[in-house]
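Heads up, the thing below is written out as structure tokens.
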Amino acid sequence: MVHLYDYAVPIADPATGTPNLREALAGIGDADRKALLGGLFKQERMPGTMERLSTLVTDLDVSFGDLLAVLDNASRPRRFVAIEEAKAVLDRYLPPAAIAGTHDWDVARLHEPYGDGTYHGRLLKRVRKQLRSVGSREALTTPFLLRREWGR
């Protein structure tokens, strides 16, 4: 089981203590950048899948720049899901009220068959760049395409 945190980040407003995430996160270190890139997901769209919030490329700076554009809450609220590694970074910048709820995700359910006998994994092969077919927490938290490149 992986514990997920549903974030509903309102529009940036210093009066309410909600920072602009793009500005707040711009200067963080590489370890925190990797935690955010590997730990932020879109809300579940298809049963048994987790889709990363932004597209990942081997260049860490480019990937993080794209993520900041997605997280920019200057003009509209942002909704996403975080796992514990990313939550630890976000907790430094966002108030606890930004968490709209929590739930658990069973990574093993990707191996459960649909009613017609097909498996989730077959469906995921078609969209492998964004959707991660995972059977363990380690596979979920490590970006599939970047395991070797980010390890340097």
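Quick notes on this one:
- Packing rank of 90-102, 27-39, where each peptide gets the mean count of other beta carbons within 10 Å, highest leading: 27-39, 90-102
- Longest to shortest principal axis, alpha-carbon extents of the range 1-78, angstrom: 39, 28, 20
- A crude spin-label estimate for the pair D13 and D66, with each label 7 Å from Cα along the Cβ direction, gives 3.3 nm.
- With R₀ fixed at 30 Å, the C-beta to C-beta distance from A74 to D30 puts the FRET efficiency at about 0.75.
Values in this text are rule-based calculations from the coordinates and carry no lab data. Nothing here was measured: the structure is a model prediction, and the numbers come from that model. Neighbour counts are summed over all protein chains in view; Cβ atoms, including those assigned to glycine, are modelled from backbone coordinates with ideal geometry.
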